[in-house]
Structures are given as structure tokens and as C-alpha cells.
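The values are calculated or read from the model by the stated rules, or taken from the named source; none is laboratory data. Computed from a predicted model, the values in this text were never measured in an experiment. Positions of Cβ are backbone-derived with ideal geometry, glycine not excepted, and every protein chain shown enters the neighbour counts.
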């Protein structure tokens, strides 16, 4: 134990092992021939951790996994630090000590194993960052005991399941959400085909056009998400009036399935301004926040309101509902594969908003949720500079 024990922690112990002790432990482990054989014979990435959760040895597959995400595995680091987790430096004592670590699958697996000595298997979502670009990782982790010369270490395996999670999410969208929309279109078409009333046909004509457009939009949004994650998304920026954009969003999402029985309102800027942005991506991002807000409303508080305001050289788009998110949900917001609905394969909505806004629209997205303001999500974008083309 060293001076790090004075640091505050919200989850696991803040104590850290000295560099000298890390090196000694590493030499002790790797001097055992069978350990090297076991490490390199494993089919997954493996790291060995000491009692302060710091890496003291690892196999080649672990090195390759970390390099794949542009990070470096180094003895003495903790898992989140080696993966450049966005929460690993929130607290002075590093990985495992922040409020966010309470919901981390890897941190929980390690802590539970060290307390119970039982084998722990968990799934873990980590947002890694390199050169200001965020990457979403979905991992399956296992923590078990490894005894060497009367010293106890943690044998920690890491399996990258990001592609599997991404596939589950897309399957959920295509086989559930999009199928529902397609089913609605078929139902409307059947009514029109069987109807003998011209007035009734006209009544359903606009609904059919809207539903068909909604289906196309949903498919396009998923294509854009895949392109965005692969760094292949093309951004087409144009000048657009903010109040026109607010109106356009209302015309689309006030008729959405999630708005049925709900109240959706919007407020204009008193003095309209122009923003230079990709209209499709911004509309999609703002719409995702509105859909989430509508789904979070209750019978007592079924109102969602969105508006824009200008602060200095920024325009802020706010979306508010009157519920309050539990802390557990707030700590995992924006992570891919996390769902507030607890359904397998959900969790794309807010993740896609953050991906599109921060990496492609060069803005920010954040939220506040408490009993005073309720829940407000904000998209922040830069305003064009005077006498510039952007």
C-alpha cells in the first residue's frame, strides 16, 4: 500500500503498487515456464493482475487486442487505463475508482472475484478514446484465481464481442422496429385495396406515404450508423435556418409511433439564426433524442418539449421530458449496447447521437437529469463565424 490510499474512491480500492513491485511480480510470473505456455495457449486475450488490479503480465493476443484499438498494454496499468477508457482518469487513483466504474462489467468482475474468490464472468462496455476519437468496445471478461509461489493473482481473460453486439442491435432494429413499420404499411395498403369509398382511400393515402417514408428513414439511419462507425460517412453541410429545422423535426416526429397519446411541443428562437451543418444528420440526432424522451414519458407527465437557444458562438438544441433517470442509467448513457429498456439488442439511440454529433458534426451532446430540471438532453453546435463560409 502506498500514498494513493489517501485518494477518494466511489467503488474499488485506490491503492496502487509501486513500479519496483510490479517489475518483481512480472519477473516472478514469467520465470515460470508453464505460465508462459498457459498464457500463449489461451484462445483469448489474457492479462494477469495483482491485488491492486494492475497488469503484471499478458499474452500476445492481449497485446494485439489493445493495439487493434490504438492503445498500448503496459505492466502497471489497470485494464481501463490500458484501453484509454474515457472514465479511467476521472479520479486521481485511476481505473476502478470513479462513479462510472460502479456499472463497469470488468470492474465488477474483478472486485467480486477478489472478495469471493469465485470465478466471475461478465460483459463489459468500454468507450475508448484516441486522438479525440471515441470507440465503443463490448467485451466478455472472466476473472479467476492464479496462485504462484504462495502469491495470489487474478487471471483475467478478455474476449472482444463488439461485432456480436452490433449484429444483435441491428437484428433487433431490422427484425422488430422496421418489421413493425412494414407491417403497418401492409395494413394500410390492404385497407386501401379493399375499400370502395374514395374518401376513405384519400384518408389513408397520406398515412401510407408517411409510413413508407418512415421505413426508408429507419433503414437509412442504420446504414449511416454503420458507415459512421467505419469512418466512411459522408457529411454534407448546408446553411439552414434554425427555426425551419425545428419545424421540420416537428413535422416528422409529431406523427411518429412513439408520439401517440403524447404531447410534443417546440419553441422558436426569437431572432432566427443560420447554422452550417448536415441537415439530415442533425435532424436524425435530434429526432432520436425526441423519440427517447417520448418513450420515457408517463401518463401523468406525457409532455416533451424541445427548443433552441444561442450562447456566445454556440447554438444549443434542448430536448426535455419530465421524468428523472436513475443514477444507474445515467452512468451508462451513450454506451453502445446499453438499453434503458433492458432489452437485448437495444441501446443504439443515444450512442448514435453522440457518434454523429461529436465525430461528424463537430459538436457536443450531454444531459442533465435531476428533480429540479427533470431530464434535458442537449446538442451543442458551433455557429458560423462572421464573413466565413462555415
request  = Only residues that are touching a strand residue (DSSP E or B) at 6+ places or on another chain (Cβ under 8 Å) and over 19 Å from residue 47 (Cα atoms): list them for the range 88-132, please.
outcome  = 127, 129
ask   = Is the range 147-162 home to any residue that is assigned to a helix (DSSP H, G or I) and either without any contact (Cβ under 8 Å) to a residue 12 or more places away in the chain or closer than 30 Å to residue 363 by Cβ (or both)?
value = yes
message = Testing residue 188 on (1) surrounded by fewer than 17 Cβ atoms within 10 Å (Cβ to Cβ); (2) part of a helix (DSSP H, G or I), one condition comes back false. Which one is that?
response = (1)
ask   = Got a sec? Which of 232, 222, 227 is under 21 Å from the mean Cα position of the chain (by Cα), part of a loop (DSSP other than H, G, I, E, B) and closer than 21 Å to residue 352 by Cα?
value = 232
inquiry  = Between 288, 312, which is under 30 Å from residue 208 (Cα atoms) and outside the structural domain of residue 11 (by TED's automatic domain parsing)?
reply    = 288
query = Within the range 297-324, can you find the residues that are within 21 Å of the chain's Cα centre (by Cα) and buried (at least 18 other Cβ atoms within 10 Å of the Cβ)?
reply = 317, 318, 319, 320, 321
message = Given the criteria in a helix (DSSP H, G or I), surrounded by 15 or more Cβ atoms within 10 Å (Cβ to Cβ) and at pLDDT 90 or above, does residue 25 qualify?
response = yes
message = What's the total number of residues in the range 76-111 that are without any contact (Cβ under 8 Å) to a residue 12 or more places away in the chain and surrounded by fewer than 21 Cβ atoms within 10 Å (Cβ to Cβ)?
response = 2
ask   = Going through the range 129-147 one residue at a time, which ones are over 25 Å from residue 38 (Cβ atoms) and at pLDDT 90 or above?
value = 138
query = From the list 270, 194, 203, which one is over 19 Å from residue 376 (Cβ atoms) and modelled with pLDDT under 80?
reply = 203
Residue match in the range 162-169 (condition: touching a helix residue (DSSP H, G or I) at 6+ places or on another chain (Cβ under 7 Å) and surrounded by 13 or more Cβ atoms within 10 Å (Cβ to Cβ)) = no
ask   = Would a scan of the range 118-126 turn up a residue that is surrounded by 13 or more Cβ atoms within 10 Å (Cβ to Cβ), out of contact with any helix residue (DSSP H, G or I) (no Cβ under 8 Å at 6 or more places or on another chain) and under 29 Å from residue 357 (Cβ atoms)?
value = no
